[in-house]
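This report concerns only the one structure given below.
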Amino acid sequence: MRRVQPFETSDGTILNVDMAGEGASVIFQHGLCGDAAQTDEVFPLDAGFLRVTIEARGHGHSQAGKLGQLSIATFCDDIAAYIEKNLALPIVIGGISMGAAIALRLAVKRPDLVKALIIARPAWVMASAPENMAPNAEVGRLLKTLPPGEAKTTFLAGPVGVRLAAEAPDNLASLAGFFSRTPLDVTAELLTRISNDGPDVTDEEVGNLSMPTLIIGHDRDSIHPLNHARALAERIAGARFVQITSKTESRPQYVADFRLAMGNFLKEL
């Protein structure tokens with residue numbers, strides 16, 4: 001059964017913490033403009049761990065706070081503060097897409113907090129503003145300049161929308177949903193700011209990571225390229241790489257594969 005609790009950040013922003021399961025805590029973070037439903041769907045509750053998702057500022061039921069502070073670094077700092085206040089150290093931390101970037105940054109900057117690392121469908125390797133995040137930034141730009149209906153029509157008819165319809169329809173469906181995500185001003189800021197952000201870690205720092213690491217990726221995903229997952233797996237010594245079924249091919253199999261890969265990893269810790 002899922003349950004929630006509030007967490008107040010150092011600047012007074014109230015975040016929603018969503019939990020499910022029983023056992024040792026695993027911080028498992030959602031993607032850009034996602035929420036705890038995304039992490040809950042794929043988390044293996046039979047592995048004997050408690051899933052803890054701290055919905056990032058402007059996501060789910062969390063307050064946005066000052067829009068100028070929305071960044072991967074801020075999200076990471078919020079999680080570190082929560083861990084230090086509420087959990088026994090060290091813990092397993094992981095995430096999907098933006099959540100994977102947050103988890104990677106936390107593992108590099110605060111290795112004292114991290115027992116093991118799970119990186120799923122990474123949208124970043126290390127560099128900020130990767131080309132694969134340009135569609136998200138474009139949605140944000142359109143939301144800032146056009147009424148939402150016109151912005152959506154423009155995006156779907158444009159070259160990025162047409163390309164994604166053929167290459168990665170699951171990505172396109174997610175992006176199309178952002179045009180009706182409220183509040184629109186927060187959505188536009190998140191898409192532009194985070195798409196142009198990054199984990200701000202170096203190749204050397206990532207190469208020095210030594211904790212057990214699972215990396216999950218799949219093909220037919222233009223926002224989360226499979227080669228990003230492979231690149232991180234090559235850089236982190238001893239990392240386990242698992243390729244799962246894409247959501248475009250079969251969402252039920254994607255969920256089953258995700259749970260199996262993650263469950264096997266957690267049970268071996």
- [ ] For every helix of n ≥ 4 consecutive DSSP H residues, a contribution of -39,500 (n - 2.57) applies; sum these over the chain, divide by its total residues, and give [θ] at 222 nm rounded to the nearest 500 deg cm²/dmol.
- [x] -13500 deg cm²/dmol
- [ ] Run the numbers on segment 1-147 and let me know its relative contact order in percent, using alpha-carbon pairs under 8 Å that are six or more apart.
- [x] 20
TODO: Quick one: which residues, 5+ away or cross-chain, put their amide H under 5 Å from the amide H of Asp219? H built at 1.01 Å from N.
DONE: Ser246
Task: Cα-Cα separations in the chain greater than 23 Å, expressed as whole percent - done: 49
Open item on the list: Only bridges whose two residues both fall in the chain count here: according to DSSP, what percent of them are antiparallel, nearest 5?
Closed with: 35
Task: Quarter of Cα convex hull surface for segment 131-192, i.e. mean projection, nm² - done: 3.6
Task: Percentage relative contact order, the chain, counting C-alpha pairs under 8 Å, at least six apart - done: 19
Open item on the list: Tell me the relative contact order for segment 131-192 as a rounded percent, counting alpha carbon contacts under 8 Å between residues six or more apart.
Closed with: 50
Task: Calculated log₁₀ intensity ratio I(q)/I(0) where the Debye formula runs over C-alpha points of segment 180-229, q = 0.17, 0.32 Å⁻¹ - done: -0.82, -1.10
Task: Virtual spin-label span in nm between Ala166 and Leu45, 7 Å along Cα→Cβ - done: 4.2
Task: Global geometry of segment 186-266, whether rounded, prolate or oblate, following the gyration tensor of its Cα atoms and the 1.5 cut on a/c - done: oblate
- [ ] For Thr213, enumerate residues with amide H under 5 Å from its amide H, sequence gap 5+ or separate chain, H modeled in the peptide plane.
- [x] Leu117, Arg240
Open item on the list: Within a 10 angstrom radius of the beta carbon, how do Val162, Val52, Val201 rank from fewest other beta carbons to most?
Closed with: Val162, Val201, Val52
Task: Entries of Lys152/Lys247; Lys115/Lys144; Lys66/Lys247; Lys115/Lys247; Lys144/Lys247 with Cα pairs more than 32 Å apart - done: Lys115/Lys144; Lys66/Lys247
Open item on the list: Ignoring trypsin sites (Lys or Arg not before Pro) that are buried or in helix or strand per DSSP, and keeping those with at most 12 other beta carbon atoms within 10 Å, what is the longest stretch of the chain between them?
Closed with: 67-269
Task: Net dipole in debye of segment 178-229 [+1 Lys, Arg Cβ; -1 Asp, Glu Cβ; about Cα centre; nearest 20] - done: 300
TODO: Would you mind working out the magnitude of the charge dipole of segment 131-192 relative to its Cα centre, with +1 at each Lys and Arg C-beta and -1 at each Asp and Glu C-beta, to the nearest 20 Debye?
DONE: 120
TODO: For segment 1-101, list log₁₀ I(q)/I(0) at each q in 0.13, 0.16, 0.18, 0.23 Å⁻¹, using the Debye formula over Cα point scatterers of equal strength and ignoring solvent, two decimals each.
DONE: -0.39, -0.60, -0.77, -1.30
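Read the figures in this text as sums done on the coordinates, not as results from a lab. Being a predicted model, the structure only gives us computed values, none of them experimental. Ideal geometry is used to build each Cβ from the backbone, glycine not excepted, and the neighbour counts take in all protein chains shown.
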